[in-house]
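S.K.: Pasting a structure here, questions to come.
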Amino acid sequence: MSNNVLQKSLEWVYQNFKKNTATMLVMTGTIGWGLSSLAQVGAVLFNPKIPKEQKSFLVPQEISDAIVNISAFFLITQLTKKLVSKMASTGKIAPQKVRDFLNKNKDLYGDKVGKLSLDLDEVLKNEPKFPKESYYAYKNYATTMATVGASIFSSNIVTPVIRNSMASNMQKKYLDNRPQPSGSMKI
C-alpha cells in the first residue's frame, strides 16, 4: 500500500514538474519551511520541561520566525526564478544553439533579443527549426540553479538577519514587560 502511494506521489511530482524543476524547488522548499516551523512551534508548546512563562515568549517568537522563514524563502526564490526565466525567454541568456538560431534570423529577432518584446516560448511555436530541446533544457537548468542560489541566500543570509533583529526586539519588549519581584531592579 505505502509503496503504491509513494509511486503515485513520485509520478505526480514528475508529471507536474518535469519541465520546471525550479518551481518544484520553490514549492517543496516552502512546504519544508512550513513543516519545520510547525514542528518547532509544537516542540515548544508541548514540551513539559519549558515553563509557561518561557512559552509565552518562545511561542510568539517561533511563530514570527516561521513567518520570516517562509515568506523570505518563498519571495526571494520565486522572484529569482521568474527573473531568470524571463531572461531566458527573452534571449538575454541562452545556450549557443539558441544564439546561433537568433543570429541566423537577425532580420526577425536581432533587435528584440534581451527585450521584453521577445518571447522565445512563442517563437518556438512558429519556428520548426528553433532548437527547443536546447532552449528548454537550458531554461530549466538556469532557473533551477538560480533558485538553488536564491534559496541558499534567503535561508542563510536574509532570514537570519531579519530573525535576529526581530528576536532582539521581541526579547527587549518581553524583558521590559516582565513583572519584577518587589525589591529588585529591572534588568
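The values are calculated or read from the model by the stated rules, or taken from the named source; none is laboratory data. Worth saying up front: this structure is predicted, and the values here are computed from it rather than measured. Cβ atoms come from the backbone with ideal geometry, glycine included; neighbour counts cover every protein chain shown. Only protein heavy atoms, including side chains, enter the accessible area calculation; ligands, DNA and RNA are left aside. Shrake-Rupley method; radii C 1.70, N 1.55, O 1.52, S 1.80 Å.
S.K.: With runs of 4+ DSSP H residues as the only contributors, calculate the mean residue ellipticity of the chain at 222 nm using -39,500 (n - 2.57) per run, divided by the residue total and rounded to the nearest 500.
M.R.: Using -39500 (n - 2.57) per qualifying helix, the result is -25000 deg cm²/dmol.
S.K.: Rounding to the nearest 10 and keeping the result within 0 to 90°, find how far the Cα-based axis of helix 52-89 lies from the longest principal axis of the chain.
M.R.: Roughly 10 degrees, rounded to the nearest 10.
S.K.: Per residue and in cubic angstrom, what volume does the convex hull of the Cα atoms of the stretch 33-132 have?
M.R.: It is 115 Å³ per residue.
S.K.: So which chymotrypsin sites (Phe, Trp or Tyr not before Pro) in the stretch 32-123 end up in coil per DSSP with only 13 or fewer other C-beta atoms within 10 Å?
M.R.: Within the stretch 32-123, the qualifying chymotrypsin sites (Phe, Trp or Tyr not before Pro) (loop, at most 13 other Cβ atoms within 10 Å) are PHE46.
S.K.: Still on this structure, I have one more. Against the 2.2 N^0.38 Å scaling, with N counting residues, where does the chain land? I'd like the Cα-based Rg ratio to two decimal places.
M.R.: 1.52
S.K.: List the lysines whose Cα lies under 20 Å from the Cα of LYS172, skipping any in the same chain that are fewer than 8 positions away.
M.R.: LYS52, LYS55, LYS186
S.K.: Taking Cα atoms, how many degrees apart are the long axis of helix 132-153 and the longest axis of the chain, rounded to 10 and kept between 0 and 90?
M.R.: For helix 132-153, the angle is close to 20 degrees.
S.K.: Okay, next question. If you line up the long axis of helix 159-177 against the longest principal axis of the chain, both from Cα atoms, how many degrees apart are they, to the nearest 10?
M.R.: So the inclination is approximately 20 degrees.
S.K.: If you don't mind, another one. Between the DSSP loop rule and a limit of at most 11 other Cβ atoms within 10 Å, which trypsin sites (Lys or Arg not before Pro) in the stretch 14-103 are left?
M.R.: Answer in residue order: LYS18, LYS19, LYS49.
S.K.: While we're on this one: What net charge do the residues around LYS106 carry, taking every other residue with its C-beta under 12 Å from that of LYS106, with Lys and Arg at +1 and Asp and Glu at -1?
M.R.: Residues close to LYS106 contribute a combined charge of 0.
S.K.: Further, regarding this structure: Rounded to whole Å, give me the distance from the Cα center of the stretch 139-174 to that of the stretch 37-61.
M.R.: If you average the Cα positions of each part, the centres end up 23 Å apart.
S.K.: Now, a different point. Between GLY114 and residues 5 or more places away or on another chain, which pairs have amide H atoms under 5 Å apart, with H built 1.01 Å from N, and which residues are they?
M.R.: GLY91, LYS92
S.K.: Continuing with this model, one more query. Taking only protein heavy atoms and a 1.4 Å probe, what accessible area per residue, in Å², does the chain have with all protein chains in place?
M.R.: I get 66 Å² per residue for this part.
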